[in-house]
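Below is one structure, written out as structure tokens, with a few remarks after it.
The values are calculated or read from the model by the stated rules, or taken from the named source; none is laboratory data. Small disclaimer: the values here were computed from a predicted structure and weren't measured. In this analysis, Cβ positions are derived from the backbone assuming ideal geometry, glycine residues included, and neighbour counts consider all displayed protein chains. Accessible surface is based on the protein model in full, side chains and every heavy atom, while ligands, DNA and RNA are left aside. Shrake-Rupley method; radii C 1.70, N 1.55, O 1.52, S 1.80 Å.
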Amino acid sequence: MILLATLLVVGGGGSAAAFFLMRGAGEELLQLVPASSEVVVTAYLDPSAGQKVNLMALAHRFPALRDDQRIRQEVDDVLDEALAGAGLSHEDVRPWLGSEVAIVVDLEANNDVPTASFLVATKDDDAAREALEKALRGSLGNEQTGEYRGATMHFFGSGTSSVGYVIVDHVVV
């Protein structure tokens with residue numbers, strides 16, 4: 001009986017620990033999306049436990065997916081290509097990139113002109129701010145700041161080519 005109870009406790013504890021480590025990301029971004037938004041697309045960079053198990057099973061069927069370093073290098077190469085136009089690389093983004101990204105489209109916010117927002121969960125707000133300032137200052141010029149409800153908004157460029165961001169509750173908007 002004691003052996004059986006010990007096995008159950010150890011097995012249950014191990015299962016709980018494995019689930020805790022593989023559980024994936026929570027709903028960090030949806031709380032910042034206005035209820036009036038027409039389109040919200042969310043991508044989880046840290047998938048749920050079930051999706052991780054499915055990915056591991058899939059990786060065993062394809063030899064090219066078995067090498068974690070190779071996959072990571074390919075992801076870094078894709079990030080480098082995507083960020084090259086902004087003067088950034090994966091080394092500028094990976095340290096602060098959180099577990100969730102989202103795109104929000106609101107059709108009625110500015111007199112029937114669609115407004116698109118990009119939300120990114122962040123692990124390090126200061127590193128995110130540095131990377132964004134590096135990219136935006138290099139391509140759009142000087143920065144202007146403003147306060148809105150206690151948050152500092154950063155704007156670059158002017159007119160139709162202006163871009164802005166704000167960091168709220170560890171989310172870049």
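Annotations
- Only one entry of Met56, Met1 meets the criterion of being modelled with pLDDT under 75 and either open to solvent by 50 Å² or more (accessible area, probe 1.4 Å) or more than 21 Å from the chain's Cα centre (by Cα) (or both), and that entry is Met1.
- When Ala109, Ala121, Ala102, Ala127 are checked against the criterion of being of a type in the set (Gly, Ala, Ser) and at pLDDT below 85, a single residue qualifies: Ala109.
- Boolean, Lys134 is of a type in the set (Lys, Arg), exposed (fewer than 15 other Cβ atoms within 10 Å of the Cβ) and in contact with a Phe, Trp or Tyr (Cβ under 7 Å, 6 or more places away or on another chain): no
- Restricting the range 65-95 to residues that are β-branched (Val, Ile, Thr) and without any contact (Cβ under 8 Å) to a residue 24 or more places away in the chain, the residue that is farthest from Leu55 (Cα to Cα): Val78
- Complete set of residues in the range 120-173 that are within 17 Å of Asp92 (Cα to Cα) and polar (S, T, N, Q): Thr122, Ser139
- Residue within the range 93-115 that is in a helix (DSSP H, G or I) and surrounded by 19 or more Cβ atoms within 10 Å (Cβ to Cβ) present: yes
- Here the condition is being of a type outside the set (Ser, Thr, Tyr) and either loosely packed, with under 13 Cβ neighbours inside 10 Å or in contact with a Gly (Cβ under 6 Å, 6 or more places away or on another chain) (or both); of Leu119, Leu140, it holds for Leu140 alone.
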